[in-house]
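Right, one structure below, let's go through it.
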Amino acid sequence: MVLFYKTTDTFQQGSKTLAGHYYTSESIFAEEVERIFCDRWFCVGRAEELPEPGDYVIRHVGRESLILVRDRHGEVKAFYNVCRHRGVRLCSESRGHVSGTIRCPYHAWGYALTGELVSAPFMNEVEGFDADDYALHSVAIATWEGFLLVNLSEHPEPFEEAFAPLIDRFSQWKIPTLRRGDRIEYSLQTNWKILAHNYSECYHCPTVHPALVKMSPAGTSANDLYKGAFVGGPMAIAPTYTSLSTSGKRTLPVVGEVSGDNLQRAYYYFIFPNLLLSLQPDFVMAHRLEPQAPNQTNVICEWLFAPEAVAQPDFDPSDIVQFWDGVNREDWQLCESMQLGVSSRSYVPGPYSAQESLLPEIDRAVLRALGHLTE
Ligand code: FES
Ligand code: FE
């Protein structure tokens, strides 16, 4: 059974915000890339972005470029986008389709969708050359709820262990079956942790999101995950509203098998380190954070809906998308402002309120991953 705790009940008194250099330092950012993004499972998109064998997308993390490609058996594979000959990037477009072979644009070595080197012109002239020694370097990949996650570690923690608290937790929403109805990318001048923090508290909601709190009162926020790398919980949708949208009325079908109390709830989770997931009665909203620099993050926001709704010729998600794009922009303005503030020489850690009980936990997850916290 899932238990809800009032936000204030999970607060550790005396918690303070991180020191400024955690938001501004190039060396801390480089450590985060190495020890968090290159050593753990993180989200790189949705499996539905690759409907057909040969479809690929490129994702970047730190200085790495990764190819995610669907193979002939329907499985998505992940490889470093690095030719095994002299290292040229194999795919230069951010997405595309290859028919059976990934071919290097330099000397035309060709790789199967499963990574094996299948052609290498004139290399038969080289004594001892064995194509089997030159498959693409692969990256561990897992699919969870229709999301693709990769792990660049040479010895990745088994996905089922790392994500144990989340396996089957959200099955009511049938997220793997949902289809993207819209997507907006934002390029923001702020640190990725500021975005994760902002998402994980509603202390700011009454001042920043007046339209949202009318429909979903800030005081109803609760936590059902509040320890470790995954944190969040539900908020109530007020009885007179059926959707968190501009109209407040549900016009699209309920997703999956959502029923009972969950028809009047919206859930918000931060899934460490880079997925912000919101489960609502009529849609699922996913923000994927792509850290670019200490003060720069790209955010890819996608709205997922019941597949039968998206398939309709007159499908129109704008009531929901415009509303949440507005909420996003209300947040982004403050997140960018905070980045400027924490960069000031005058900034020192401030006290968290009890309404922000998840934020010290996020900080601990970051510090633990960086090896800056021993407990
Ligand atoms: Fe790719 Fe030469 S660098 S074939
Ligand atoms: Fe907000």
Worksheet item: How far, in degrees from 0 to 90, does helix 318-342 lean away from the longest principal axis of the Cα atoms of the chain, to the nearest 10?
Response: 90 degrees
Discussion item. Which residue, Ile300, Asn328, Pro360, has the largest displacement toward the positive end of the dipole of the range 225-375 when charges sit on each Cβ (Lys, Arg +1; Asp, Glu -1)?
Written reply: Pro360
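Net charge around Glu34, counting only other residues with Cβ within less than 14 Å of its Cβ (Lys, Arg = +1; Asp, Glu = -1)? Don't skip to the answer; put the middle values down first.
Working: positive: Arg35, Arg40, Arg63; negative: Glu26, Glu31, Glu32, Asp39, Glu64, Glu154.
Net local charge, Glu34 excluded: -3.
Only helical DSSP H runs with n ≥ 4 go in: add -39500 (n - 2.57) per run for the chain, normalise by residue count and round the 222 nm mean residue ellipticity to 500 deg cm²/dmol.
Rounded to the nearest 500, the figure is -5500 deg cm²/dmol.
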Discussion item. Please list, in order along the range 191-204, the HN-Hα scalar couplings obtained from phi with the Karplus expression 6.51 cos²θ - 1.76 cosθ + 1.60 (θ = phi - 60°), rounded to whole Hz, x for Gly and Pro.
Written reply: 6, 4, 6, 5, 5, 5, 4, 4, 5, 9, 9, 10, 4, 7
Fill in: Vicinal HN-Hα couplings computed from phi for the range 224-230 (Karplus, 6.51 cos²θ - 1.76 cosθ + 1.60; Hz; Gly/Pro x)
10, 10, 9, 10, x, 7, 10
Worksheet entry | 5 angstrom amide H check on Asp182, placed H, neighbours 5+ away | Trp303
Worksheet entry | For the chain, built as a Gaussian network whose Cα springs stay under 10 Å, the top-fluctuating residue of Gln292, Gln13, Gln264 | Gln13
Discussion item. Please list, in order, the residues from the range 53-76 whose amide nitrogen is less than 12 Å from a point placed 7 Å along the Cα→Cβ vector of Glu93.
Written reply: 55-58
Fill in: Relative contact order computed over the chain (Cα-Cα under 8 Å; 6+ residues apart), in percent
22 percent
Practice prompt. Show the residues, 5+ positions off or on another chain, whose built amide H is closer than 5 Å to the amide H of Val44.
Written response: Leu148, Leu149, Val150
Item to complete: Kindly flag which residue pairs out of Lys174/Lys249; Lys6/Lys249; Lys16/Lys77 have an alpha-carbon separation exceeding 31 Å in this structure.
Response: Lys16/Lys77
Discussion item. Using Cα springs under 10 Å in a Gaussian network model of the chain, which residue among Cys202, Cys104, Cys38 shows the largest mean-square fluctuation?
Written reply: Cys104
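Could you compute the net charge surrounding Ile167? Neighbours are other residues with a C-beta less than 12 Å from the C-beta of Ile167; K and R count +1, D and E count -1.
Surrounding charge for Ile167 is -3.
Where Lys and Arg each count +1 and Asp and Glu each count -1, what net charge lies around Asn298 among other residues with Cβ under 9 Å from its Cβ?
Working: positive: Arg288; negative: Glu185, Glu290.
That sum, taken over residues with Cβ under 9 Å, equals -1.
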Practice prompt. Take the alpha carbon atoms of the range 106-177, find their center, do the same for the range 195-245, and report the distance between the two centers in whole angstrom.
Written response: 36 Å
Worksheet entry | In order through the range 288-294: 3J(HN,Hα) via Karplus (6.51 cos²θ - 1.76 cosθ + 1.60), integer Hz, x for Gly, Pro | 10, 8, 10, x, 10, 6, x
Worksheet, complete the sentence: Given a Förster distance of 56 Å, the FRET efficiency implied by the Cβ-Cβ spacing of Asp130 and Gln322, rounded to the nearest 0.05, works out to 0.45
Item to complete: Report, by chain and number, residues whose modeled amide H sits under 5 Å from the one on Leu188, excluding near sequence neighbours (fewer than 5 apart, same chain).
Response: Thr297, Asn298, Val299
Worksheet item: In which sequence would Met235, Met215 go, from the one with the fewest C-beta neighbours within 10 Å to the one with the most?
Response: Met215, Met235
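The numbers here are math on the coordinates, done by the rules we state, and not lab data. Not measured: the values here are computed from a predicted model. Don't worry about glycine lacking a Cβ; one is built from the backbone with ideal geometry, like all the others, and counts go over all protein chains shown.
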